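The values are calculated or read from the model by the stated rules, or taken from the named source; none is laboratory data. None of these values were measured; they are calculated from a predicted model. Here the Cβ positions follow ideal geometry from the backbone for every residue, glycine too, while neighbour counts run over all protein chains shown.
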Amino acid sequence: MTNPIFKTGGLTRPLVAAVFFALPAPAFADLTSQELWSQWQEYMQSFGYDVAAQATPADGGLTVTGLSMSLPMNSPEGSLGTMKMTFGEVRLTDQADGTVLVTVPESTPLTVDVDPVDEDPVKIVMNHVSPDFRAVASGTATDTHYDYSASIVSLVLQSVMSEGKTVEPGTVRINLNGLAGTSDMNIGDAFVVQQDLTAASLDYAVDITNPDPNGTGTFKMNGEVRDLASSGGGTIPKGADMTRMGDAMRAGYAVHAAVTYAAGMMQLAFEEGAENFAYASSSEGGRFDVSLAPEGLKYDVSSRTVKMHVEGSEIPFPADFTAEEIGLGINLPVMASDDQQDFGAVLTLAGVTLPDPVWGMADPGGALSHDPLTVRLDLAGKGRLMVDLLDEEQMTQLGASGGMPGMVESLTLNQLQLKAAGAEVSATADLTVDNQAMSPMGPFPNVFGTADIRMTNVLALARTLSQMGLIPQGQAMMIAGMLQQLGEPVSGPDDLKALVELSQQGALTVNGNPIPLQ
């Protein structure tokens with residue numbers, strides 16, 4: 001059975017909280033250690049945590065020990081159990097200039113206990129290691145600024161307890177090196193947080209023997225990302241029930257993050273008996289942007305100059321791939337509304353070079369162009385969402401009824417580019433979806449609009465594929481005949497364009513020529 005922790009959004013809040021305490025986030029008039037500690041408690045409680053600790057006056061400030069945060073895990077069916085995080089010591093020292101110095105021991109434990117209903121508890125023990133981490137908080141209890149830095153901050157996995165057994169899995173470590181940043185927290189009707197961070201690098205290492213308790217294999221992974229810069233923040237409304245994300249979103253909950261890096265690499269290897277697999281990749285930089293707000297979910301990730309190598313016992317030969325750019329973007333509404341909302345998706349696979357052995361299998365005679373492949377897709381649209389996608393109760397009811405969460409009302413193809421084997425197809429399109437009328441062509445909403453298509457060297461590619469025996473000669477001749485009859489030449493007989501129009505009444509034309517659909 002899947003551990004209930006993965007059935008809820010329960011991991012999001014703990015991770016935000018862990019970052020807040022492990023790398024204290026949110027500097028103006030005098031601020032005291034007691035005010036800062038009270039602020040932290042209020043902030044954590046706004047996420048639904050039950051906070052417990054001993055705050056003891058010491059050396060002109062507070063020493064916080066025994067810090068724990070418990071969070072119920074719920075679903076529409078009821079309680080799934082609880083999650084509890086326990087931290088080591090945190091020192092808050094009042095300074096003469098009205099600021100508060102935040103420090104932690106060089107090594108301090110971080111424990112996560114998950115106690116699900118009807119399943120065995122899970123306990124994860126880690127160490128937070130930083131020999132020189134320090135943060136200075138200034139300002140007031142409701143408008144606080146932090147400056148923080150560290151030569152290194154590490155999280156090291158110590159043990160995992162599951163099904164009544166405690167195991168030390170091996171090496172699992174992540175390091176953030178050359179860290180410096182600022183954070184601001186403003187408190188009114190909501191907690192408004194903004195954080196900016198730079199780091200010389202982030203590296204990680206995993207070396208586990210017997211990743212499957214019943215096996216005898218090994219798993220290794222390591223990687224590095226250099227010259228990191230991130231900016232992020234959010235709004236957490238006071239009084240919002242963070243265990244009900246739909247309600248929290250309606251109250252104004254929003255988060256955003258943007259990360260860039262100059263270069264990255266990763267290697268992994270798995271081996272068990274005769275089975276093995278290895279993968280390596282590198283890139284010359286990229287970015288990661290994500291935001292979640294009542295206006296919707298946005299996700300955008302891309303990497304430049306990507307190189308990949310893969311080999312293994314189930315792979316016939318080692319293979320190397322390269323790409324000029326790989327990217328994925330999504331824009332998705334999440335809240336129900338009577339008004340139209342935007343959505344979209346972007347996919348980029350630019351300048352993809354396939355390994356020679358792949359071409360040797362697909363094209364042993366070298367008849368095709370082996371130039372890099374490119375796929376670009378940019379799709380946008382408008383629609384109406386009838387349920388809150390982050391409301392678990394609504395989504396459960398929707399799943400039980402078999403209904404649709406919303407309806408598409410228009411689609412715009414801003415770009416489609418397919419470039420491979422010496423041929424290229426590009427297109428744009430604008431389509432309208434009338435959900436109140438049935439299509440003349442079938443039992444679905446009526447779709448109508450226009451598309452502009454450009455095809456270069458497609459005729460030559462069809463002939464070559466036919467000569468290679470990859471498509472029947474008759475089909476190749478039919479494709480060529482249709483393209484030549486309907487396509488309008490641009491700069492030559494194998495450079496064609498077409499304006500495709502589908503009317504509201506279901507009439508299809510290509511460059512003005514009617515095409516029967518029945």
### Message
Suppose we keep only residues that are among the β-branched types (Val, Ile, Thr) and closer than 21 Å to LEU268 by Cβ within the stretch 172-204. Which one would you say is surrounded by the fewest Cβ atoms within 10 Å (Cβ to Cβ)?
### Response
ILE174
### Task
State which residue pairs qualify: first residue at negative phi and inside the stretch 357-374, second residue among the hydroxyl-bearing types (Ser, Thr, Tyr) and not in a loop (DSSP other than H, G, I, E, B) in any location, beta carbons under 7 Å apart, and separation of 6 or more residues or different chains.
ALA367/THR464; LEU368/THR464; PRO372/THR353
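So which residues in the stretch 428-460 are part of a loop (DSSP other than H, G, I, E, B), in contact with a strand residue (DSSP E or B) (Cβ under 8 Å, 6 or more places away or on another chain) and of a type in the set (Gly, Ala, Ser), if there are any at all?
Within the stretch 428-460, SER439 is the sole residue that qualifies.
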### Elements of type strands (runs of 3 or more DSSP E) in the stretch 226-298, at least 1 residues being charged (D, E, K, R), under 30 Å from MET44 (Cβ atoms) and out of contact with any helix residue (DSSP H, G or I) (no Cβ under 9 Å at 6 or more places or on another chain)
286-293
### Query
Among the residues of the stretch 387-415, which ones are of a type in the set (S, T, N, Q), under 24 Å from the mean Cα position of the chain (by Cα) and assigned to a helix (DSSP H, G or I)?
GLN394, THR396
### Query
Going through the stretch 268-298 one residue at a time, which ones are within 23 Å of TYR204 (Cβ to Cβ) and surrounded by fewer than 16 Cβ atoms within 10 Å (Cβ to Cβ)?
LEU268, TYR279, GLU284, ARG287, PHE288
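Among the candidates GLY223, GLY233, GLY217, which residue alone is in contact with a Phe, Trp or Tyr (Cβ under 6 Å, 6 or more places away or on another chain) and either under 23 Å from LEU157 (Cβ atoms) or buried (at least 18 other Cβ atoms within 10 Å of the Cβ) (or both)?
Answer to the check: GLY223.
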### Task
Check every one of the strands (runs of 3 or more DSSP E) wholly within the stretch 83-171 and list those with 2 or more residues that are surrounded by 14 or more Cβ atoms within 10 Å (Cβ to Cβ) and either touching a Leu at 6+ places or on another chain (Cβ under 6 Å) or not acidic (Asp, Glu) (or both).
90-94, 100-103, 107-116, 122-129, 134-139, 143-162
### Message
If a residue must be modelled with pLDDT under 85 and surrounded by 17 or more Cβ atoms within 10 Å (Cβ to Cβ), how many such residues does the stretch 67-82 contain?
### Response
6
### Message
Going residue by residue through the stretch 488-498, is there one that turns out to be of a type in the set (A, V, I, L, M, F, W, C), under 42 Å from the mean Cα position of the chain (by Cα), at pLDDT 90 or above and closer than 26 Å to VAL433 by Cα?
### Response
yes
